[in-house]
Each structure stands twice: as structure tokens, then as C-alpha cells.
1. Could you please tell me which pairs satisfy a Cβ distance under 9 Å, a separation of 6+ or placement on different chains, a first residue in the range 67-94 that is small (G, A, S) and surrounded by 10 or more Cβ atoms within 10 Å (Cβ to Cβ), and a second residue that is at pLDDT below 75 and part of a loop (DSSP other than H, G, I, E, B)?
2. Which of the numbered conditions does A42 fail, given that it passes all the others? Conditions: (1) at pLDDT 95 or above; (2) on the phi > 0 side of the Ramachandran plot.
3. Mind counting the residues in the range 53-85 that are among the small types (G, A, S), at pLDDT 90 or above, outside any helix (DSSP H, G or I) and over 20 Å from I15 (Cβ atoms)?
4. Which residue pairs have Cβ atoms closer than 6 Å, lie 6 or more positions apart in sequence or on different chains, and pair a first residue in the range 31-49 that is under 13 Å from S12 (Cα atoms) with a second residue that is assigned to a helix (DSSP H, G or I)?
5. Determine if the range 50-60 includes at least one residue that is more than 18 Å from G90 (Cβ to Cβ) and surrounded by fewer than 15 Cβ atoms within 10 Å (Cβ to Cβ).
6. Which members of the range 27-56 meet the condition of being under 10 Å from the mean Cα position of the chain (by Cα) and not aliphatic (A, V, I, L, M)?
7. Restricting to the range 33-44, give me the number of residues that are surrounded by fewer than 16 Cβ atoms within 10 Å (Cβ to Cβ) and of a type outside the set (D, E, K, R).
8. If I filter the range 1-32 down to residues being exposed (fewer than 13 other Cβ atoms within 10 Å of the Cβ) and of a type in the set (A, V, I, L, M, F, W, C), which single residue comes out as farthest from F86 (Cα to Cα)?
Amino acid sequence: MRTIEAIHARLSRLIEEKPAVEIDCSAATEVDLSLIQLLLAARKGANASGKTLILSRPASGALRDALMRSGLLTAAGGSERDEHNFWLTGATDQ
């Protein structure tokens, strides 16, 4: 819980200070629903403020596994939700 609180505080500060924030989750070895919820909420908040939050790379590894377990991504890699491009399009692809 402390880890997600620290990530939340840092992410909130970055979104407040910068017009665009790029997140790199590629080194994550453990991802649970709290991180996914945090990223979705942060993205929504950033968009509402006219700012941008993107992933530096398409979701892979532990993040992709957690997204599939949560039902946000299907086994084929698709998504039933608007977040499809957020999770599967990295900054280098945009």
C-alpha cells in the first residue's frame, strides 16, 4: 500500500508540473489492480486538465499480465474499452 501511495504522490506532482507525463512500466515485476486503477485515474485527471499521460512502451510483462487478469485486455491483445490505445500504444508509436 505504501508503494502505491508513493507512486500516486509522485505521479500527481508530475501531472501538476508538466503538460505531458510519460510512464515507463517496463521494469515492473509485480503489478496489481491498484496500479492499473491509478494509471487510469491519473490519465483521466490529466486529460481533464488539458494534459497528457502516456506509457513510454506498449504494456508488456507484468503490466500486460495484470491487464489480462483484470479483463481490460483480451488474450488477443484487444480491449473492449477506450483504453486500448493507452495500454497498447507506446510513446514511440504515437
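The values are calculated or read from the model by the stated rules, or taken from the named source; none is laboratory data. No experiment lies behind these values; they were computed from the predicted model shown. Every residue, glycine among them, receives a Cβ derived from its backbone with ideal geometry; neighbour counts consider all protein chains shown.
1. G71/E80
2. If we test A42 against (1) at pLDDT 95 or above; (2) on the phi > 0 side of the Ramachandran plot, just (2) comes out false.
3. The number of residues fulfilling the criteria is 1.
4. That search, which allows pairs on different chains as well, returns L38/H8; A42/L11; A46/I15.
5. There is at least one residue in the range 50-60 that is more than 18 Å from G90 (Cβ to Cβ) and surrounded by fewer than 15 Cβ atoms within 10 Å (Cβ to Cβ).
6. First, pick out the residues of the range 27-56 that are under 10 Å from the mean Cα position of the chain (by Cα): 35-43, 53-56.
Across the range 27-56, the qualifying residues are Q37, R43, S56.
7. Start the filter on the range 33-44 by keeping residues that are surrounded by fewer than 16 Cβ atoms within 10 Å (Cβ to Cβ), which leaves 33-34, 37, 41, 44.
This time we only want the ones that are of a type outside the set (D, E, K, R), so: 33-34, 37, 41.
Count: 4.
8. M1
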